[in-house]
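Computed from the coordinates by the stated procedures, all read-outs in this text should not be read as laboratory data. Remember, it's a predicted structure, so these values are computed and weren't measured experimentally. Here the Cβ positions follow ideal geometry from the backbone for every residue, glycine too, while neighbour counts run over all protein chains shown.
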Amino acid sequence: MNFLSSLKIKQYERGLRFVDGEFRGILPPGMYHRFDPTSKEKVEVVSTREVFLLHPELDVIVKSGALGEEATVVDLDSRHRAIVWVDGRYHGILEPGLYALWKVFHRVDVEVVDASGVRVEHKDLHMFFASDDAIRLMHRVNVSVGNVGLFFKEGEYAGTLEPGIHLFWKNISDVEVQQVDMKEWVMEVSGQEIMTADKVTLRMNALVFYRIVDPLKSVMAVDDARDVLYREAQLSLRELIGGRELEVLLSDKQSVSEDLRESLGKRSVDFGIEVASFGIRDVILPGDMKELMNKVMEAKKAAEANLISRREETAAMRSQANTAKLLEANPTLMKLRELEVLEKISGNSKLQVVLGEKGLADRIVNLL
């Protein structure tokens, strides 16, 4: 029986030497001749071209210190993670555990990060988005454009996220992100039956233009900010319209809308909403009230027309009286006026006139 054997370990290989099942060291590259009549010695050849040293006895190998400067040892607890870069390129993410990474054949860099903050923050964050390790070890949240994300950790507010992709470590804390839309919205308040100050019941449709300016308050102060805004708009309509008579309401909608916006704005600020404007779209009257309003409007228009006619008659009479006074005071002007009258008459008649000192009316000799 031949108890002599040879073993060659290449430059990029190392030999893990075990004697009787116990680790005894690492063999560097070279040619080895062994005499082992008891067959208790065993050498496992591993390649340093592989980044990770994978072995069931890794903890024993690491604890022995035999790896020296040829490998980087990483021991991660439950609150830490590690990002691995190989030859300047992203290689992967390590979760809690013990690792040995060969530095013989590759340039290996390991970033140990504290995951207790839950949120993943890194200058090269975009490189993790599509990796399998990120999918396995991270939560991915995409905050849409025009929104912000409210980040809650263990039920407590921990920060506001801008639009974009955000990553969070799994298995660290309970994480929740609520997205809040910050764009301007239009809410329709429809079908409100309201009684005015003069006891006229009408239906009103209104529009509320608003946006959320304090996202945290809109989430923390009320259960549903938009639903609360709708109810507050209904109350504001009832309060302000109920204090005005129908004629005032119909004649000055702009003023009513401004008062409604101001009233609703004071209430909405308590739950993080700013009201940009409040517009009355429709005022719907009952059928009998429409008929009555038409009659009133018709009577008003008739009265206005009659008043205008009287004013015109009065103005004409006043003008005639002023003209008579002017002609009486100026005989020459009177003669000119008489000539104008005669000129008009002569347009369709044959007229012979004799002018004298006592006026034209007394010296007409022949009028055909």
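Please state, as a whole number in µm²/s, the translational diffusion coefficient that the Stokes-Einstein equation yields for region 67-152 at 10 °C and 1.306 mPa s, with Rh defined as the Kirkwood radius across alpha carbon pairs. Could the numbers behind the result be given before it?
Values: Rh = 14.5 Å.
After rounding, the answer is 109 µm²/s.
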Lys and Arg at +1, Asp and Glu at -1: neighbours of Arg136 with Cβ under 12 Å from its Cβ sum to 0
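Work through the residues other than Ala233 whose Cβ is under 12 Å from its Cβ and net out their charges, Lys, Arg +1 and Asp, Glu -1.
On the way: positive: Arg226, Arg231, Arg238, Arg261, Arg267; negative: Glu188, Asp227, Glu232, Glu239.
Local net charge: +1.
Take the Cα pairs of region 185-285, get the Kirkwood Rh, then feed it into Stokes-Einstein at 20 °C and 1.002 mPa s and tell me D in µm²/s. Mind showing how you got there, number by number?
Details: Rh = 13.7 Å.
D, rounded to a whole number, is 156 µm²/s.
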Rg/Rh of region 29-94 (Cα atoms, Kirkwood Rh), to two decimals, equals 1.06
So Ser255 and Glu340, fully extended at 0.36 nm per residue minus their Cα-Cα distance, gain in nm 24.9 nm
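Divide the volume of the convex hull of the Cα atoms of region 115-181 by its number of residues and quote the answer in cubic angstrom per residue. Don't skip to the end; give the middle numbers.
Working: hull volume 5.4 nm³, N = 67.
Taking only Cα atoms, region 115-181 has a hull volume of 81 Å³ per residue.
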Applied in sequence order to region 315-322, the curve 6.51 cos²θ - 1.76 cosθ + 1.60 (Karplus, θ = phi - 60°) yields integer Hz couplings, x standing for Gly and Pro, of 5, 5, 5, 5, 5, 5, 4, 5
For Asp87, placing the label point 7 angstrom along Cα-to-beta-carbon and taking region 24-56, residues whose amide nitrogen sits under 19 Å are 47-53
Lys and Arg at +1, Asp and Glu at -1: neighbours of Leu260 with Cβ under 13 Å from its Cβ sum to +1
Counting sequence-distant residues (5 or more places) and residues on other chains, those with an amide H built under 5 Å from that of Thr48 are Glu13, Arg14
Quick calc, region 64-204, dipole around Cα centre from Cβ unit charges on Lys, Arg (+) and Asp, Glu (-), nearest 20 debye, gives 220 debye
Stretched fully, the stretch from Val104 through Ile135 gains (0.36 nm per residue minus C-alpha distance, one decimal, in nm) 8.2 nm
Going fewest to most other Cβ atoms within 10 Å around each Cβ, Asp77, Asp259, Asp252 line up as Asp77, Asp252, Asp259
Over 30 Å (Cα to Cα) among Lys42/Lys103; Lys42/Lys170; Lys8/Lys103; Lys103/Lys153 -> Lys42/Lys170; Lys103/Lys153
A correct Karplus calculation of ³J(HN,Hα) over region 249-258, with 6.51 cos²θ - 1.76 cosθ + 1.60, θ = phi - 60°, whole Hz and x for Gly and Pro, returns 4, 6, 8, 9, 5, 4, 5, 5, 4, 5
What one gets for region 1-153 as the Kirkwood radius, inverse of mean 1/r over different Cα pairs in Å, is 18.4 Å
In region 1-106, taking the dipole from +1 charges on Lys and Arg beta carbons and -1 charges on Asp and Glu beta carbons about the Cα centre, the listed residue (Ala71, Ile93, Phe23) farthest towards the positive end is Ala71
The exposure ranking of Glu13, Glu274, fewest beta-carbon neighbours within 10 Å first, is Glu274, Glu13
